[in-house]
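Colleague: Okay, handing you the structure first.
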Amino acid sequence: MNKGKILKILVDAMGGDNAPDEIIKGCVEALNEKNDFELVLYGIEHILRAKLLDYNYPEERITIVNTTQVIQGHDLPIKAVKEKPDSSLVAALNDLRHKKGDALVSAGNTGAVMTGALLKLGRIKGVDRPALTSLIPTKKSLKLLLDAGANSVCKPVNLLDFAIMGSIYMEQLFAIKEPTVGLLNIGSENTKGTDLMKAAYELLHNSKINFIGNIEGKDIVSGNIDVIVTDGFTGNILLKFMEGVGEFIFSEISNIFRFSIFTKLSALVVKTSLRAFKKKLDYAEYGGVPLLGVNGKVLKAHGNSNSKAIKNLIFNSCRYARSSVLQIIKSKYEEMEEYYN
């Protein structure tokens with residue numbers, strides 16, 4: 001990839017619980033911090049322009065594409081994508097398909113983003129089901145969880161696909177040679193778990209990825225597993241639970257330091273460490289991650305994303321757009337097809 005290229009990032013400005021306000025604010029913050037990209041905002045033009053009046057930013061680096069429809073969080077994904085062709089999400093996906101941008105970002109309806117990406121971009125040949133990914137903070141560094149909610153019901157081969165694509169992502173974006181892959185289960189023995197997990201274990205064990213076996217939930221935070229593989233139902237529960245636990249822990253720690261004058265003084269001593277800890281648990285620091293397996297570079301952020309999350313989402317989209325992850329995944333599946341044929 002040409003590292004000097006000015007990227008064009010397509011933004012679903014109407015997608016998300018806090019759209020368009022936090023989307024606009026995050027876009028402006030990103031533009032004012034880095035200068036190697038341009039943004040195309042999709043949404044109701046007069047609303048977006050009115051919001052932008054509150055900010056100073058390099059106006060020549062923002063283009064607005066007017067759309068007349070909005071996909072809401074409660075909309076049924078397939079119905080919304082088909083019946084709202086002039087929504088900000090669908091219009092942006094159409095332009096990505098026609099190579100009018102390098103990557104697309106959205107904090108909108110997860111099901112609609114996945115469905116829209118499949119219908120408009122298609123899946124990579126050989127991939128049965130794309131996966132929604134999520135970055136997990138651990139003792140050592142960020143690790144990758146997939147699927148994080150796109151596929152509630154999976155087949156064993158889907159978990160193998162998740163492992164292959166996740167390994168490529170971590171190797172290319174995080175420079176981890178031969179990333180370790182663990183299958184999330186109720187025990188480390190290969191006889192544990194459901195029929196799905198047992199069959200997936202065999203596929204992963206016989207593959208060429210760096211599979212270390214089954215892992216339990218407590219193993220995730222150790223940081224020894226680079227790619228955590230599971231079905232979307234389990235993955236989404238795990239992700240939401242970790243978010244809730246993180247908020248709970250920091251809230252309790254804050255309450256402890258407010259207890260008395262002595263604890264308040266203690267808080268001053270460890271203030272820097274507390275801030276670093278809070279930053280580590282804050283999903284907004286990670287912005288968003290890609291849908292792996294779709295034939296295009298689409299990144300999804302938390303539905304409740306604030307401006308900081310959107311800013312980091314845009315930065316992550318630039319890293320992903322400049323990477324060769326998509327091309328390598330395609331090549332990998334072409335090689336596999338030739339091998340098995």
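Colleague: The conditions are (1) in contact with a helix residue (DSSP H, G or I) (Cβ under 8 Å, 6 or more places away or on another chain); (2) assigned by TED's automatic domain parsing to the domain that holds Lys140, and Gly288 fails exactly one of them. Which is it?
Modeller: Unmet for Gly288, out of (1) in contact with a helix residue (DSSP H, G or I) (Cβ under 8 Å, 6 or more places away or on another chain); (2) assigned by TED's automatic domain parsing to the domain that holds Lys140: (2).
Colleague: Count, please, the residues in region 220-238 that happen to be among the hydrophobic types (A, V, I, L, M, F, W, C) and surrounded by fewer than 19 Cβ atoms within 10 Å (Cβ to Cβ).
Modeller: 3
Colleague: Next up: Being surrounded by 21 or more Cβ atoms within 10 Å (Cβ to Cβ), part of a helix (DSSP H, G or I) and either of a type outside the set (A, V, I, L, M) or modelled with pLDDT of 95 or more (or both) narrows it down to one of Gly182, Gly116, so name that one. Spell out how you get there, then give the answer.
Modeller: Working: Gly182 fails: part of a helix (DSSP H, G or I).
Residue meeting the stated conditions: Gly116.
Colleague: Of everything in region 250-288, what is among the aliphatic types (A, V, I, L, M), closer than 28 Å to Ser134 by Cβ and over 25 Å from the mean Cα position of the chain (by Cα)? Give them in sequence order.
Modeller: Within region 250-288, Ile253, Leu274 qualify.
Colleague: So, one more: Any residue at all in region 319-334 that's touching a residue at least 60 places away in the same chain (Cβ under 8 Å), under 18 Å from Ile24 (Cα atoms) and assigned by TED's automatic domain parsing to the domain that holds Gln72?
Modeller: no
Colleague: Output the residues belonging to region 289-307 that are outside any helix (DSSP H, G or I), under 15 Å from Asn18 (Cβ atoms) and over 9 Å from the mean Cα position of the chain (by Cα).
Modeller: Answer for region 289-307, where residues must be outside any helix (DSSP H, G or I), under 15 Å from Asn18 (Cβ atoms) and over 9 Å from the mean Cα position of the chain (by Cα): Gly303, Asn304, Ser305, Asn306.
Colleague: Okay, next question. Run down Ile168, Ile176 and say which single residue is surrounded by 18 or more Cβ atoms within 10 Å (Cβ to Cβ), in a helix (DSSP H, G or I) and β-branched (Val, Ile, Thr).
Modeller: Details: Ile176 fails: in a helix (DSSP H, G or I).
From the options Ile168, Ile176, the qualifying one is Ile168.
Colleague: Contact list please: Cβ distance under 7 Å, first residue in region 39-54 and farther than 14 Å from Ser307 by Cβ, second residue among the β-branched types (Val, Ile, Thr) and in a helix (DSSP H, G or I), pairs at least six apart or on different chains.
Modeller: From residues that are farther than 14 Å from Ser307 by Cβ, the pairs are Leu48/Ile24.
Colleague: Additional query: Which helices (runs of 4 or more DSSP H) does region 1-108 wholly contain that include 2 or more residues that are outside the structural domain of Asn312 (by TED's automatic domain parsing)?
Modeller: Correct list: empty, since no element meets the threshold.
Colleague: What about Ile6, is it among the hydrophobic types (A, V, I, L, M, F, W, C), exposed (fewer than 14 other Cβ atoms within 10 Å of the Cβ) and on the phi < 0 side of the Ramachandran plot?
Modeller: yes
Colleague: Touching a His at 6+ places or on another chain (Cβ under 9 Å), assigned by TED's automatic domain parsing to the domain that holds Ala301, within 19 Å of Leu132 (Cα to Cα) and in contact (Cβ under 8 Å) with a residue 24 or more places away in the chain, is that true of Ala112? Write out each step before concluding.
Modeller: Details: touching a His at 6+ places or on another chain (Cβ under 9 Å): no; assigned by TED's automatic domain parsing to the domain that holds Ala301: yes; within 19 Å of Leu132 (Cα to Cα): yes; in contact (Cβ under 8 Å) with a residue 24 or more places away in the chain: yes.
For Ala112, the condition - touching a His at 6+ places or on another chain (Cβ under 9 Å), assigned by TED's automatic domain parsing to the domain that holds Ala301, within 19 Å of Leu132 (Cα to Cα) and in contact (Cβ under 8 Å) with a residue 24 or more places away in the chain - is not met.
Colleague: Find all pairs meeting these conditions: Cβ atoms under 6 angstrom apart; at least six residues apart or on different chains; first residue within region 139-165 and in contact (Cβ under 8 Å) with a residue 40 or more places away in the chain; second residue of a type in the set (Phe, Trp, Tyr).
Modeller: Leu146/Phe162; Asp147/Phe162; Ser152/Phe233
The values are calculated or read from the model by the stated rules, or taken from the named source; none is laboratory data. Remember, it's a predicted structure, so these values are computed and weren't measured experimentally. Methodologically, a virtual Cβ is constructed for each residue, glycine included, from the backbone with ideal geometry; neighbour enumeration extends over all protein chains shown.
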